[in-house]
Amino acid sequence: MPEPRHFLTLLDLTAAEARALLKRAIVLKQMRADGVDYRPLKHRTLAMVFEKSSTRTRVSFEAGMVQFGGHALFLSPRDTQLGRGEPIEDSARVLSRMVDAVMIRTFDHDKVERFAAHSRVPVINGLTDRFHPCQLLADMQTYLEHRGDIAGRRVTFIGDGNNMCHSYMNAARLFDFELMVACPEGFDPDADLLAAAGERCTVLRDPLAAAVGADLIVTDVWASMGQESEQDDRATAFAHYCVDEALMARAKPDALFMHCLPAHRGEEVSAGVIDGPQSVVWDEAENRLHAQKALLELLLLGGAAA
């Protein structure tokens, strides 16, 4: 039995594969718009394991599998032995004998790695506290659609050095762009990932300085899921890190704005920016569907079937 191919971080793809995947996602998007009946995953099943709740991740994977002629199973800790202390390795051994792929959205990244190590089928990281690679595929597809290749461009991430920031650091390596990260002291991205990104990534404390000359401005919520008790302290620490009109004015005139959603208007982003003409957040959200369909094709079929 061949070893399954997993997608736990962006760096599980080569640069050539990543660019081909984005182009394929755009083709699949057009096929859906044209009403093309394309079902390469007939009789295939994706198990979706959610220990963190979600709107976009669940709907995009479930809809994508249905559109491909397959089926998706939603599994929460309340419904499975995962929530009752079954070892993750045992769950992987059992589930992977019954389904064709597994998507996991959880807290600890180690849990996804352990599951993948004992799975017979591809495992997809739907989000962990360390990485959110599927979102980056959608973001990179969105930039490609609106502005072309992101290679050589400047991207600025404003906010917490969290899973989205880490994934942008990996994206800078994979897609060859410059990343400026603006965050308060104490909220830096992980040191090992920063070291691996090398000269492609620079951390600054001044968000206005970080935004200068940017082709793309990205932000995320100040308190991620599981950090709700820190909301007040984080609101104080990030008070000067709102992406507003003044900050966007420091970027290039044709700069885009992205946010993985859900967003809190008046906190990490102003209403004028997220609802304004530079914002592409709705295209970005939709592209989770198309990018993940291209990913499923790659992992399950080795590439496009038609």
Tell me which residues, restricted to region 112-157, are more than 30 Å from ALA214 (Cα to Cα), more than 14 Å from the chain's Cα centre (by Cα) and buried (at least 20 other Cβ atoms within 10 Å of the Cβ).
VAL112, PHE115, ALA116, SER119, VAL121, PRO122, VAL123
What are the residues in region 188-202 that are in contact with a helix residue (DSSP H, G or I) (Cβ under 7 Å, 6 or more places away or on another chain) and in a loop (DSSP other than H, G, I, E, B), if any?
PRO189, ASP190
Select from region 281-297 the residues that are over 13 Å from MET65 (Cα atoms) and in contact with a strand residue (DSSP E or B) (Cβ under 8 Å, 6 or more places away or on another chain) and write down the one among them that is surrounded by the most Cβ atoms within 10 Å (Cβ to Cβ).
GLU284
Limited to region 224-247, what total is found for residues that are surrounded by fewer than 21 Cβ atoms within 10 Å (Cβ to Cβ), within 25 Å of ARG130 (Cβ to Cβ) and aliphatic (A, V, I, L, M)?
3
Per-region count, region 257-306, residues farther than 20 Å from ARG154 by Cβ and β-branched (Val, Ile, Thr):
1
Determine if region 15-34 includes at least one residue that is of a type in the set (Val, Ile, Thr) and in a strand (DSSP E or B).
no
Restricted to region 261-280, and to residues that are closer than 17 Å to GLN141 by Cα and touching a Ser or Thr at 6+ places or on another chain (Cβ under 9 Å), which residue is surrounded by the most Cβ atoms within 10 Å (Cβ to Cβ)?
VAL280
For region 140-164, what are the residues that are in a loop (DSSP other than H, G, I, E, B) and more than 28 Å from PRO87 (Cα to Cα)?
GLY148, ASP149, ILE150, ALA151, GLY152, ARG153, GLY159, ASP160, GLY161
Would you confirm whether any residue within region 47-56 is closer than 21 Å to PRO4 by Cβ, modelled with pLDDT of 95 or more, in contact with a strand residue (DSSP E or B) (Cβ under 8 Å, 6 or more places away or on another chain) and surrounded by fewer than 20 Cβ atoms within 10 Å (Cβ to Cβ)?
no
Number of the condition not met by ALA92 [criteria: (1) modelled with pLDDT of 95 or more; (2) within 30 Å of TRP282 (Cα to Cα)]
(2)
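The values are calculated or read from the model by the stated rules, or taken from the named source; none is laboratory data. What you see is a predicted model, and the numbers here were worked out from it, not measured in a lab. As a convention, Cβ positions derive from the backbone with ideal geometry for all residues, glycine included, and neighbour counts pool all protein chains shown.
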